[in-house]
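What follows is a short report on a single structure.
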Amino acid sequence: MTPSTTQRAGSLALSAILALSPLLSTGALAATPDTTPPKVQHEPADNDAPDDQPLQIYATVTDENGVSEVTLFYRNAGEDEYRSQSMQASGNSGIFMAEVPPAELQPPRLEYYIQAGDTGGNQLLRGFYFEPLSVNVVAGTGAAGAVAAKGDESAATGSLKSNKWLWIGLGAVALGGLAAAGGGGGGGGDSGDNVDVSVPLPQ
């Protein structure tokens, strides 16, 4: 029996559909939108942050299709506006870090939140604008000031020790004063007493 024109057309159409089905399936999968946001792992520090040292904030951010950006938003308690800076990736480990300078730290605390985005345009927040995370900020120990004061003191002492003529001059003044005191109470006579004065010279 010879197949009719309709049967042949149906067979050709079925063959075309079967041939194109892998391509259609692949295209459908490729067109599936990415709706999964990145994962953000971060816990605020338990220890206090001194206001004279940089504060480093870390977060681990991962995404199946890739992380596009991670941003830290922060402000001191009582401020209305947040500052922001990009958190930098540390290699391919998924760890991101941002550093808040001491000039932007004020007691009693720093408030912040982290925003992460992936290549599909999805975003996830750790903390919120209206309910931020926080870390306590305390006054620094003043270690830098103590070092500077000690350095100034050492410089002044070194300058005094290095001026040998100043020491010699002070010794001469002391000798003259003692000699005048010894000769003034005897009516011009020789008291017969000797006065020894020791003036150390700088090493």
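Laid out as a table, the results:
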{"read-out": "Tabulated pairs, the stretch 100-123, first farther than 15 Å from D34 by Cα, second of a type in the set (G, A, S) and assigned to a loop (DSSP other than H, G, I, E, B), C-beta under 7 angstrom, 6+ apart or interchain", "value": "P107/A139; P108/A77; R109/A77; E111/A77; Y112/G127; Y113/G127; I114/G127"}
{"read-out": "Among the residues listed as G78, G94, the single one being farther than 20 Å from N136 by Cα and either of a type outside the set (D, E) or exposed (fewer than 13 other Cβ atoms within 10 Å of the Cβ) (or both)", "value": "G94"}
{"read-out": "Some residue of the stretch 131-143 being part of a strand (DSSP E or B), small (G, A, S) and under 30 Å from T32 (Cα atoms)", "value": "no"}
{"read-out": "Where G188 falls short, out of the listed (1) at pLDDT 50 or above; (2) on the phi > 0 side of the Ramachandran plot", "value": "(1)"}
{"read-out": "Residue among R126, R83 that is within 15 Å of the chain's Cα centre (by Cα) and modelled with pLDDT of 95 or more", "value": "R83"}
{"read-out": "Filter result for the condition that a residue is modelled with pLDDT of 90 or more and either assigned by TED's automatic domain parsing to the domain that holds A59 or farther than 20 Å from H42 by Cα (or both), over V100, V147", "value": "V100"}
{"read-out": "Per-region count, the stretch 97-121, residues of a type in the set (G, A, S), surrounded by fewer than 12 Cβ atoms within 10 Å (Cβ to Cβ) and part of a loop (DSSP other than H, G, I, E, B)", "value": "1"}
{"read-out": "Tally, over the stretch 48-66, of residues that are closer than 13 Å to A116 by Cα, among the β-branched types (V, I, T) and crowded, with 19+ Cβ neighbours inside 10 Å", "value": "1"}
{"read-out": "Qualifying residues in the stretch 25-45 (those that are modelled with pLDDT under 85 and outside any helix (DSSP H, G or I)) - the one nearest to Y112 (Cα to Cα)", "value": "T32"}
{"read-out": "The stretch 75-96: number of residues that are outside any strand (DSSP E or B) and touching a Ser or Thr at 6+ places or on another chain (Cβ under 7 Å)", "value": "2"}
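The values are calculated or read from the model by the stated rules, or taken from the named source; none is laboratory data. As the structure is a computational prediction, the values presented were derived from the model and not from experiment. Neighbour counts run over all protein chains shown; Cβ positions are idealised from the backbone, glycine included.
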